[in-house]
2 protein chains.
Amino acid sequence: MLNTVNFDHDALKNYVIKFFEALNVPEIDARIAADVLVSADLRGINTHGVIRLHSYYGERLLKGQIDPSSPIKTINENPATLALDGGNGLGQVVAYRAMSQCIKKAEEAGLAITTVRNSNHFGIAGYYAMMALPEDMIGISLTNSQALVAPTYGFRPVIGTNPIAVTVPAGKEKPYVLDMATSIVPFGKIQIHEKAKFAIPKGWGINKNGALTNDPGEVIDGGALLPLGGPAELRGYKGYGLSLLVDLLSGVLAGAAFSQNVGRPTKNRNSDVGHFFAAIKIENFRPVDMFKADMDDYIQALKKSPKLPGQNRIFIHGEKEFEMAEKSLRTGIPLLKEAVDALKSAGEKVGVPFDLRPKT
Amino acid sequence: MLNTVNFDHDALKNYVIKFFEALNVPEIDARIAADVLVSADLRGINTHGVIRLHSYYGERLLKGQIDPSSPIKTINENPATLALDGGNGLGQVVAYRAMSQCIKKAEEAGLAITTVRNSNHFGIAGYYAMMALPEDMIGISLTNSQALVAPTYGFRPVIGTNPIAVTVPAGKEKPYVLDMATSIVPFGKIQIHEKAKFAIPKGWGINKNGALTNDPGEVIDGGALLPLGGPAELRGYKGYGLSLLVDLLSGVLAGAAFSQNVGRPTKNRNSDVGHFFAAIKIENFRPVDMFKADMDDYIQALKKSPKLPGQNRIFIHGEKEFEMAEKSLRTGIPLLKEAVDALKSAGEKVGVPFDLRPKT
């Protein structure tokens with residue numbers, strides 16, 4: 001088990017807001033960025049939360065490599081489509097605004113797509129897709145990322161971990177929230193194993209020679225992640241196809257960087273990350289109440305399905321994260337020791353000391 | 001290796017047209033259905049081609065379980081959205097018409113979604129997504145199917161093999177054509193191995209007790225297919241999530257049957273299969289020529305990427321199928337012995353004897 005310490009949700013969020021404000025991010029935007037980041041930790045996605053506050057965002061703001069004013073520009077707009085330039089702003093702020101506009105357009109047109117170029121790492125993709133849920137819409141959120149994944153039959157990282165997030169509202173049941181890297185695991189999972197000096201299961205990644213490895217350090221040091229599916233015999237080329245697809249939609253269609261041109265968050269130039277958002281209004285296809293009743297039936301049928309020996313639950317996507325969030329709101333958000341260290345070091349550099357006491 | 005015999009493309013297609021016409025399918029619709037079916041064999045997707053001519057289509061038409069007139073009705077229409085009822089028509093005909101309308105709407109609105117309920121098995125999903133390519137659009141085609149896949153931690157088939165097909169046009173390079181079951185392999189792959197008495201690789205499916213098996217017969221006899229990704233440690237729940245997503249979009253959103261209610265093509269009732277189609281007009285986001293130039297660059301970069309020892313090519317999705325189709329147009333379409341037997345038996349039942357001579 002990894003070591004964690006619990007922190008109060010609101011206190012942690014307020015700290016992150018202050019952190020961003022100290023870096024000249026306007027308060028309203030700082031609140032958005034903080035909510036996205038802390039939501040990741042709240043939902044148990046600790047690879048994408050405050051552990052990256054400085055390395056992915058603070059450092060770049062400090063060096064002037066992200067524009068804290070997030071000056072978004074419209075490139076092309078039609079009733080159901082919108083192409084934006086994120087102005088090299090904070091990924092979370094740009095993505096939040098882009099998805100807000102997408103939902104607004106879908107309210108009128110029945111569905112809408114918004115693409116974004118010239119943005120930055122935006123945290124968890126699921127956050128933006130979930131914005132569609134209260135509007136009785138299906139939400140989609142994609143982004144490309146630095147090249148970390150090898151294509152089938154190759155061994156150099158050419159494609160990002162390019163996540164797919166899709167949310168679908170239900171009735172009494174919790175909504176369906178898929179939020180997945182198209183690699184077997186995201187890069188942050190490898191980094192956390194490496195920092196904690198834990199081995200990784202065989203299959204997650206390869207070393208610089210293309211051989212499967214249990215050593216997270218070898219994946220980081222010139223190796224690559226493998227796409228969902230693993231070897232060709234078990235159809236890893238489908239995962240490779242999905243990774244590529246996300247880049248075609250959020251990179252090439254958006255007119256952003258793609259493949260190896262997407263900047264590493266830690267590199268000294270504009271990242272030019274691309275995003276793709278969509279919202280689909282359910283009532284344009286069938287009455288929302290009937291839709292939600294079917295969703296509930298489906299979810300219940302899955303949960304009642306017979307379990308493998310040793311298993312007592314079948315999960316719906318997002319369910320574990322909803323339960324984790326409910327618990328963490330009560331008992332505090334468990335942060336990895338590595339995340340606390342990162343916050344302390346970040347706070348010193350920005351002049352906003354991280355002095356939160358653990359929640360007991 | 002599996003035994004195959006080559007047949008001329010046009011002759012085979014003409015035979016299938018006559019077959020459908022003998023079952024009261026109007027000529028124009030028979031041509032559509034034949035083109036979809038023979039395209040599968042032409043592209044090397046022999047699980048979804050004429051091998052199923054009788055068992056999935058002829059038999060049902062003969063018994064009055066598919067309406068040969070494919071009487072499609074509009075349920076709900078808006079500038080960018082369209083919900084259709086397929087009238088229990090031939091899946092290929094319904095899907096072709098639905099995607100045609102989707103493309104037409106996207107031409108005006110910039111993007112469009114068409115859902116379909118009350119349809120039947122439609123063959124290869126990729127066919128309809130590819131219809132978007134000549135229009136400089138991105139095409140999406142999804143369908144649900146009979147429940148054959150077990151969810152993670154379960155072992156009973158609750159979800160279909162629910163394919164995802166997405167096509168993206170390129171410039172000088174061949175377009176990107178992803179057409180994948182969200183299970184590791186489609187059911188037809190298991191059936192072909194079973195008929196040929198071949199073992200299947202461990203991982204593709206489980207037996208009725210939930211154990212991995214090499215015996216295709218055990219998968220067919222009360223077992224289940226596994227979702228893309230395989231075991232939980234290697235993130236099979238992502239494949240399960242994608243299978244479920246396809247059913248939420250093509251089953252639940254369309255108002256069609258979903259999960260275990262989707263009829264088996266061989267069962268004695270309406271299948272009520274659901275489909276989901278989308279078309280996205282590239283020029284609404286950026287100039288088409290720039291988009292295509294970037295696609296070409298991306299494809300070339302992937303192909304030039306270093307190969308694993310023993311490998312000499314990195315493939316783009318759809319590339320093998322384009323090469324197969326080019327070759328098969330010249331030399332004839334290689335049909336499995338099982339497919340030829342199926343055609344002979346089908347022809348007898350329908351009174352249209354399959355008397356094509358192999359191409360030599």
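Points worth noting:
- Annotation: amide H of A:Phe7 within the under-5 Å range of A:Ile333, A:Leu335, A:Lys359, sequence separation 5 or more or interchain, hydrogens built in the peptide plane.
- DSSP beta bridges in the stretch B:79-203 [antiparallel fraction, %, rounded to 5]: 65
- Cα→Cβ-extended label distance, 7 Å offset, between A:Ala199 and A:Thr331, nm: 3.0
- Annotation: amide H-H contacts under 5 Å for A:Phe155 (H modelled 1.01 Å from N, sequence separation of 5 or more, or interchain): B:Leu308.
- 20 Å reach of a label modelled at B:Arg357, 7 Å along Cα-to-Cβ, counting backbone N of the stretch B:318-344: B:329-335, B:340-341, B:344
- Computed over chain B: relative contact order in percent, which uses C-alpha pairs under 8 Å that are six or more apart: 24
- When each of B:Asp289, B:Asp8, A:Asp247, A:Asp341 is scored by the number of other beta-carbon atoms lying within 10 Å, the sequence from fewest to most is B:Asp289, A:Asp341, B:Asp8, A:Asp247.
- Taken about its Cα centre, the protein assembly as shown carries a charge dipole of roughly 1440 debye when the Cβ of each Lys and Arg holds +1 and the Cβ of each Asp and Glu holds -1.
- Per residue of A:157-166, other chain Cβ atoms within 10 Å of the residue Cβ number 2 on average.
- Long hydrophobic helices in chain A, taken as whole DSSP H segments with a C-alpha length of 15 Å or more on their own axis and mean Kyte-Doolittle hydropathy at least -0.5: A:9-22, A:27-42, A:91-109, A:236-247, A:288-304, A:337-350.
- Phi angles across the stretch B:171-176 convert, under the Karplus curve 6.51 cos²θ - 1.76 cosθ + 1.60 with θ = phi - 60°, into 3J(HN,Hα) values of x, 6, 7, 5, x, 7 Hz, Gly and Pro given as x.
- Neighbour-count ranking [beta-carbon atoms within 10 angstrom, fewest first] of B:Val288, B:Val116: B:Val288, B:Val116
- Counting only aspartates and glutamates at least 8 places from B:Lys18 when in the same chain, those with an alpha carbon closer than 14 Å to its own are B:Asp10, B:Glu27, B:Asp29, B:Asp35, B:Glu348, B:Asp355.
- Per-residue [θ]222 nm for chain B (sum of -39500 (n - 2.57) over DSSP H runs n ≥ 4, rounded to 500): -11000 deg cm²/dmol
- Size of charge dipole - the stretch A:53-156 - debye, nearest 20, with Cβ of Lys, Arg +1 and Asp, Glu -1, no other charges: 400
- Loop-located trypsin sites (Lys or Arg not before Pro) in the stretch B:167-222 (DSSP state other than H, G, I, E, B) with a sparse environment of at most 14 neighbouring Cβ atoms within 10 Å: B:Lys172, B:Lys197, B:Lys202, B:Lys208.
- In plain terms, the residue of A:Met137, A:Met131 with the fewest other Cβ atoms within 10 Å comes first and the most crowded comes last, giving A:Met131, A:Met137.
- 10 Å Cβ neighbours from other chains, averaged over peptide B:105-116: 4
- For the stretch A:274-360, the residue among A:Ile316, A:Leu356, A:Val288 whose Cα projects farthest onto the positive side of the dipole built from Cβ charges is A:Leu356.
- Shielding value for A:303-313 is 5, the average number of Cβ atoms from other chains within 10 Å of each residue's Cβ.
- Candidate cross-link partners of A:Lys174 among the lysines, defined by an alpha-carbon separation under 19 Å and a same-chain spacing of 8 or more, comprise A:Lys281, A:Lys292, A:Lys303, A:Lys304, A:Lys320, A:Lys327, B:Lys238.
- Within the straight-line cut-off of under 16 Å between alpha carbons, the lysines reachable from B:Lys208 are A:Lys307, sequence neighbours fewer than 8 places apart in one chain being disregarded.
Read-outs throughout are calculated quantities, based only on the coordinates presented, and are distinct from any laboratory measurement. Model, not experiment: these values are computed from the prediction. Please note: Cβ atoms are built from the backbone with ideal geometry, for glycine as well, and neighbour counts cover all protein chains shown.
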